[in-house]
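The values are calculated or read from the model by the stated rules, or taken from the named source; none is laboratory data. Keep in mind that this is a model prediction, so the values were computed, not measured. Ideal geometry is used to build each Cβ from the backbone, glycine not excepted, and the neighbour counts take in all protein chains shown.
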Amino acid sequence: MDTAIRTMIPEIHPGIHYVSNSSMGVVSGGGPYRALPPRDYFLLYGFNKLHSERGMPNVMTYESMKQMLPESALWPQNSQWGLHDYTLEGAQGAASFNRIIEKGFGPADNAKKFTELAQWINYNGYPGYV
């Protein structure tokens with residue numbers, strides 16, 4: 001498919017640059033997708049070109065979470081959170097996000113407190129990976 005698109009683009013739209021892979025070639029990518037201290041995003045590979053794949057879990061507000069999960073799955077964090085991309089292991093590594101919350105604010109003991117604290121972590125981390 002990539003070969004066909006590379007052939008068609010110059011014919012259909014001359015001068016348009018086609019990037020066939022969001023993490024290789026003229027761009028850099030491949031994460032990390034987990035929460036890091038903001039300073040660390042500037043020290044990682046890919047700083048010398050557009051890094052199209054980087055960021056941390058984006059935790060929704062408590063109001064949205066209540067609409068997404070049944071009451072029984074709101075707290076503690078569980079596999080249903082993972083179904084909605086907040087996996088404690090794997091690429092998202094949400095456990096690192098939890099550690100940053102605990103280090104900065106202490107442990108959260110319910111979903112409402114967790115989502116409120118998470119907004120601060122997301123806000124603080126945003127400039128690091130933009």
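Please enumerate the residues belonging to segment 9-58 that are under 17 Å from the mean Cα position of the chain (by Cα) and of a type in the set (Lys, Arg). Spell out how you get there, then give the answer.
The first filter runs over segment 9-58 and keeps only residues under 17 Å from the mean Cα position of the chain (by Cα), leaving 22-23, 28-42, 44-46, 50-58.
Within segment 9-58, ARG34, ARG39, ARG54 qualify.
Checking the conditions here, which among ALA73, ALA94, ALA118, ALA108 is closer than 17 Å to GLY30 by Cα, surrounded by 12 or more Cβ atoms within 10 Å (Cβ to Cβ) and modelled with pLDDT of 90 or more?
Answer to the check: ALA94.
What residue, among those in segment 75-130 that are of a type in the set (A, V, I, L, M, F, W, C) and more than 19 Å from the chain's Cα centre (by Cα), is nearest to MET60 (Cα to Cα)? It would help to see each step written out before you state the result.
At the first step, the residues of segment 75-130 found to be of a type in the set (A, V, I, L, M, F, W, C) are 75, 81, 83, 88, 91, 94-95, 97, 100-101, 105, 108, 111, 114, 117-118, 120-121, 130.
Those still in the list that are more than 19 Å from the chain's Cα centre (by Cα) too: 75, 105, 108, 111.
On the way: TRP75: 14, PHE105: 18, ALA108: 15, ALA111: 11 Å.
Looking at the filtered set, the residue picked out is ALA111.
In segment 5-52, which residue that is surrounded by fewer than 16 Cβ atoms within 10 Å (Cβ to Cβ) and of a type in the set (D, E, K, R) is farthest from TYR86 (Cα to Cα)?
Only one residue tops the list, namely GLU11.
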